[in-house]
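Participant: Structure in structure tokens, see below.
The values are calculated or read from the model by the stated rules, or taken from the named source; none is laboratory data. In this text, all values refer to a predicted model and were calculated from it rather than measured experimentally. Counting neighbours? That spans all protein chains shown, and the Cβs are built from the backbone with ideal geometry, glycine included. Surface accessibility is based on the protein's heavy atoms, side chains included, excluding ligands, DNA and RNA. Shrake-Rupley method; radii C 1.70, N 1.55, O 1.52, S 1.80 Å.
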Amino acid sequence: MWNIPPRPTPPTGWKARASRWWITVWSPVNADGSVTAQQVRDAMRPDTLLVSIMHVNNETGAMNPLREIADVVHAHPTAVFHADLVQSFGKEDIPWESLDLGSVSAHKLHGLKGSGFLYKRKNLKLQPLLFGGQQEQGMRGGTENAPADIVLAKTVRLALESQAKDRERITELNRMLQKELGALPGVKIQSPETASPFILNVSFAQITSEVLMNALDARGICVSARSTCESRSSNESEVLKAMGRPVSETTHAIRLSFSGQNTLEEGERFIEETKEILNQYGLPL
């Protein structure tokens, strides 16, 4: 029998689940989709081992304050701080000095799917994922995918070299889209003002997410409704729902995700096509 510690009583709005091995606690988010350092402080226990948080939310672009949260986590001697950097690496400045662990995926940088890396603080000891060899600095036995690793190194270098230039251009694109979309009736910008410019979440009162997404797809414009990981699970955005948005918005929102290759001309075409779709398929307000 395993000696399971008592199930925690998390702060209001938090969820907890006990297993044979650990107790997992999920944090709620604020109305802007972020988690504050104080919320993390309120949920920390003397036996907390790991705190993991997204740097940039993949649906709204909401950013979490990694430095402030890291200070809270590191005040507990047994706790390690991990950040999901998939949406921020190569786009946002990352406080590496505040992190113990950080995960990055190459496919968000125009790299190979299935390729990525884990940043680890040098003096942090981890158990190997697969035993049996010295590959990956002793963390994983088996033959390494050398071609993918080489491509990943080039992908990372190109992303970091163009980060400042790409961010400036995408910020301009994002502002233009918010201005044009915000002028349309029934449109609400769901991304907070402090969000990463590389993600823009917008809801349309006249048309559901699926109808708008499919209509845009037929015109050669790719957007998504909800997280890609959740795109087949339901018609409602769990992220917007957690932010307290009504069903009329959680089922009517799309996500625009930009890369450094997107242009103002593409944004202008999106506005034109969206207006036509709303006139053709949208319900009267």
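Participant: Pairing the Cα long axis of helix 264-281 with the longest principal axis of the chain, what angle in degrees results, from 0 to 90 and rounded to the nearest 10?
Facilitator: 60
Participant: When ranked by the protection proxy of mean other Cβ atoms within 10 Å per residue, highest first, what sequence do the peptides 174-183, 243-252 form?
Facilitator: Ranked by mean Cβ neighbours within 10 Å, highest first: 243-252, 174-183.
Participant: Carbon and sulfur atoms: what percent of the 1.4 Å accessible area of the chain do they account for?
Facilitator: Result for the chain: 54 percent of the exposed heavy-atom area is carbon or sulfur.
Participant: A follow-up question, please. Before anything else, pin down the relative contact order of the chain: Cα pairs under 8 Å, at least 6 apart, normalised by residue count, whole percent.
Facilitator: 16
Participant: For Val35, what accessible surface area do you get with a 1.4 Å probe? Give it in Å², rounded to 10.
Facilitator: 10
Participant: Can you give the log10 of the normalised intensity I(q)/I(0) at q = 0.11, 0.13 Å⁻¹, computed with Debye over equal Cα scatterers of the chain?
Facilitator: Taking Cα atoms of the chain as identical point scatterers yields -0.76, -1.02.
Participant: Top to bottom by accessible area (1.4 Å), largest first, where do Phe81, Phe258, Phe131 land?
Facilitator: Phe131, Phe258, Phe81
Participant: Send over a whole-number figure in Å² for the accessible area per residue of the chain, probe 1.4 Å.
Facilitator: So the chain comes to 58 Å² accessible per residue, rounded to a whole number.
Participant: With axes computed from alpha carbons, what is the tilt in degrees of helix 146-182 against the longest principal axis of the chain, rounded to the nearest 10 within 0 to 90?
Facilitator: Helix 146-182 sits at roughly 40 degrees to that axis.
Participant: For n ≥ 4 DSSP H runs only, could you compute -39500 (n - 2.57) per run for the chain, divide by its residues and tell me the 222 nm figure to the nearest 500?
Facilitator: Per the formula, -10000 deg cm²/dmol.
Participant: How large is the accessible surface of His76 in square angstrom, using a 1.4 angstrom probe and rounding to the nearest 10?
Facilitator: Spelled out: His76, probe radius 1.4 Å, area about 50 Å².
Participant: Once Lys and Arg get +1 and Asp and Glu get -1 on their Cβ, which of Val25, Gly90, Pro185 lies farthest toward the positive end of the dipole of the chain?
Facilitator: The listed residue farthest towards the positive side: Val25.
Participant: Also, I was wondering about something else. Using θ = phi - 60° and the Karplus form 6.51 cos²θ - 1.76 cosθ + 1.60, what ³J(HN,Hα) does each residue of segment 115-121 get, whole Hz, x for Gly and Pro?
Facilitator: Result, rounded to whole Hz: 10, x, 8, 10, 7, 9, 4.
Participant: Sorted from largest down, give the three principal axis spans of the alpha carbons of segment 82-147, whole angstrom values.
Facilitator: 37, 28, 13
Participant: To continue, here is another question. Once you place label points 7 Å from the Cα toward the Cβ at Leu50 and Ala153, how far apart are they in nm?
Facilitator: 2.9
Participant: Which aspartates and glutamates does Lys113 reach when only Cα atoms under 17 Å apart count, and residues fewer than 8 places away in its own chain are ignored?
Facilitator: Within the straight-line limit of under 17 Å, Lys113 reaches these aspartates and glutamates: Asp84, Glu144, Asp149.
Participant: P(r) tail for segment 94-184, what percent of Cα pairs lie past 24 Å?
Facilitator: When every Cα pair of segment 94-184 is considered, 42 percent fall beyond 24 Å.
Participant: Can you return the lysines within cross-link range of Lys91? Criterion is Cα-Cα under 18 Å, with same-chain partners fewer than 8 residues away left out.
Facilitator: Lys108, Lys154, Lys165
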